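Here the structure is laid out as structure tokens; the discussion comes afterwards.
The values are calculated or read from the model by the stated rules, or taken from the named source; none is laboratory data. Just so we're clear, the structure is a prediction, and the values are computed from it rather than from any experiment. Here Cβ is always computed from backbone atoms with ideal geometry, including for glycine, and neighbour counts include all displayed protein chains.
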Amino acid sequence: MQRGVVYGVMAGALWGMVFLVPRVLPDFSPLLLVAGRYSMYGVVSLAAVLPIARSLARRLTREDLIALVKLALAGNIVYYLLLTAAVHLIGIAPASLIVGVLPVTVTLMGRRDHGAVPLARLAWPLATVMAGIVCINIDVFTATGATPVSIATRLVGVACAAGALACWTWFAVENARYLQRQTHFSGNEWSVLWGVVTGALGGVLWLLVAVLPSGGPQGELADARWHTFWLLNLVLAIGASWLGNGLWNAAAKRLPLTLSGQMIVFETLFALLYAFIYDERLPRPLELAAIVLLVAGVWWSVRRHADDGASGAARIEGMDDKAQTSAPRCDVT
């Protein structure tokens, strides 16, 4: 469990970068950003899969392929399309806040899974996480100097962020359940296969970019901006997508679903940290309070899971000892 928690935190640190890139590249449309990121992810994954392609192909089933396509669409393509649109429309902080509700939504969806801590025991940790999210929301909409946006634009941005939340909630639950059901792929192998499928879907998006006139202002962008575009997408492909997904899959194999859901909060924390660095400022009091509450809520949840795991192991050991002492002896002479 401890190793799974470390993997989850590292994945959150890498995934936090995906909120920053749309802010750095505001002149690229969400469709272009998604196509660029995941086509690069496909290339990186294809290079990683070549040495073991024959072995993976022998074990790959039709069920695996269908699951990979569904997970790639929900957890990568549609999620990032909606997320980049939200960042463009309402900024990093509000978008990361809405997606930051993931620990609550994933926990609620996974509350009946095997190994899950009863929801009643997670009530206070979840309430602490929600209090942190409320603090950040209050700060975003009351901070001095916040840029006002039209109500319509804000509503569209919030709707995009909520759609990204729904996509990632479904993905996190289904991916964790599928990884725990199947045993013929490691977390790294599953991540590589997932990347190849996502890269193929990214190639389809480039066809849409070429066909649709609204796909992006390709002809109006300077060469320097395209160089930055491909460099940042390469960083996301290797760091956030390939390595981040591999770390997350490794965490999902080691943690019950209710706890892996709590780990997603670190994506929000690191996204906020990167935003502070990019804006060259320190967090305001409410932002700092939110960070403390979010970390405290996750730590509290980890303790609840560890305590339940220890008591469960003690109960099993006690039952074994009782069975041994109460069993009749049968000496063989």
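See the values below:
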item: Checking Gln262 against (1) at pLDDT 75 or above; (2) touching a Ser or Thr at 6+ places or on another chain (Cβ under 7 Å), the condition it does not meet; result: (1)
item: Matching residues in segment 55-95 - criterion: being at pLDDT 85 or above and over 26 Å from Val197 (Cα atoms); result: His88, Leu89, Ile92, Ala95
item: Identity of the residue in segment 103-125, modelled with pLDDT of 75 or more and closer than 20 Å to Arg181 by Cα, that ends up surrounded by the most Cβ atoms within 10 Å (Cβ to Cβ); result: Val106
item: Flag if Glu287 is among the charged types (D, E, K, R), modelled with pLDDT of 75 or more and touching a Ser or Thr at 6+ places or on another chain (Cβ under 9 Å); result: no
item: Filtered residues of segment 280-304 (kept if over 18 Å from Asn137 (Cβ atoms) and free of Cβ contacts under 8 Å to residues at least 24 places away in the same chain); result: Glu280, Arg281, Leu282, Trp299, Arg303
item: Top-ranked residue of segment 155-198 - restricted to ones that are farther than 20 Å from Gly4 by Cα and surrounded by fewer than 18 Cβ atoms within 10 Å (Cβ to Cβ), ranked as nearest to the chain's Cα centre (by Cα); result: Ala166
item: Pairs where the first residue, in segment 72-96, is surrounded by fewer than 21 Cβ atoms within 10 Å (Cβ to Cβ) and the second is of a type in the set (Phe, Trp, Tyr) and part of a helix (DSSP H, G or I), C-beta under 6 Å, 6+ apart; result: Ala74/Trp170; Ala74/Phe171
item: Lone qualifier among Leu102, Leu60 - being under 16 Å from the mean Cα position of the chain (by Cα) and not polar (S, T, N, Q); result: Leu102
